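Colleague: Before anything else, here's the structure in question.
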Amino acid sequence: MVDKINKWWKAPPEFTDLVERNREASKPQFGSFEEVAFHRYWLGCSEDGAYLAFQFHRPDGSIHRFALPNELVRQFFIEFAGSSDEIGERHLAAAFAKVPAKGQA
């Protein structure tokens, strides 16, 4: 078992509260996640490496394309890793909540 995982995407202590407030505030502002969910995607980069490219396919057949400039890619992955970590923690917490208690701790 791993005792401590180095989470390189964690905000430095002086920004932890700000990052958490922003993350929590963004959820209600976003609206319905289900209504804007995509069912397929493509991820790549421009030929010159200047952009990270995304192409998302909606269930209604529409396609949405976005390009992120190279100078924002590192920040994107830090935020992506943090959000992915939060998803994992929520799934793990939900799984533990379903397990019946046994014996004493």
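The values are calculated or read from the model by the stated rules, or taken from the named source; none is laboratory data. Just so we're clear, the structure is a prediction, and the values are computed from it rather than from any experiment. Positions of Cβ are backbone-derived with ideal geometry, glycine not excepted, and every protein chain shown enters the neighbour counts. Remember, those area values only see protein heavy atoms, side chains included, never the ligands or the DNA or RNA. Shrake-Rupley method; radii C 1.70, N 1.55, O 1.52, S 1.80 Å.
Colleague: From the set of residues in the range 23-61 that are in contact with a strand residue (DSSP E or B) (Cβ under 9 Å, 6 or more places away or on another chain) and hydroxyl-bearing (Ser, Thr, Tyr), which is nearest to Ser83 (Cα to Cα)?
Modeller: Tyr41
Colleague: Still on this structure: So which residues in the range 23-40 are over 15 Å from the mean Cα position of the chain (by Cα) and either part of a loop (DSSP other than H, G, I, E, B) or under 12 Å from Phe66 (Cβ atoms) (or both)?
Modeller: The answer is Gly31, Ser32, His39.
Colleague: May I pose another question? If you take the residues of the range 1-22 that are in a loop (DSSP other than H, G, I, E, B) and more than 16 Å from Phe80 (Cβ to Cβ), which of them is modelled with the lowest pLDDT?
Modeller: Only one residue tops the list, namely Met1.
Colleague: Just name the residue that is farthest from Phe38 (Cα to Cα) out of those in the range 85-97 that are modelled with pLDDT of 80 or more and open to solvent by 50 Å² or more (accessible area, probe 1.4 Å).
Modeller: Within the range 85-97, the match that is farthest from Phe38 (Cα to Cα) is Glu89.
Colleague: Also: I'd like the full set of residues that are in a helix (DSSP H, G or I) and either among the basic types (Lys, Arg) or touching a residue at least 12 places away in the same chain (Cβ under 8 Å) (or both), limited to the range 41-71.
Modeller: If the condition is that a residue be in a helix (DSSP H, G or I) and either among the basic types (Lys, Arg) or touching a residue at least 12 places away in the same chain (Cβ under 8 Å) (or both), then Asn70 is the only one that fits.
Colleague: Then there's this: Taking the conditions exactly as written (more than 18 Å from Arg23 (Cβ to Cβ) and either assigned to a helix (DSSP H, G or I) or polar (S, T, N, Q) (or both)), does Gln75 satisfy them or not?
Modeller: For Gln75, the condition - more than 18 Å from Arg23 (Cβ to Cβ) and either assigned to a helix (DSSP H, G or I) or polar (S, T, N, Q) (or both) - is not met.
Colleague: Same structure, new question: So, of the residues in the range 46-69 that are modelled with pLDDT of 95 or more and open to solvent by 80 Å² or more (accessible area, probe 1.4 Å), which turns out to be nearest to Glu20 (Cα to Cα)?
Modeller: Checked the range 46-69; the qualifying residue nearest to Glu20 (Cα to Cα) is Phe66.
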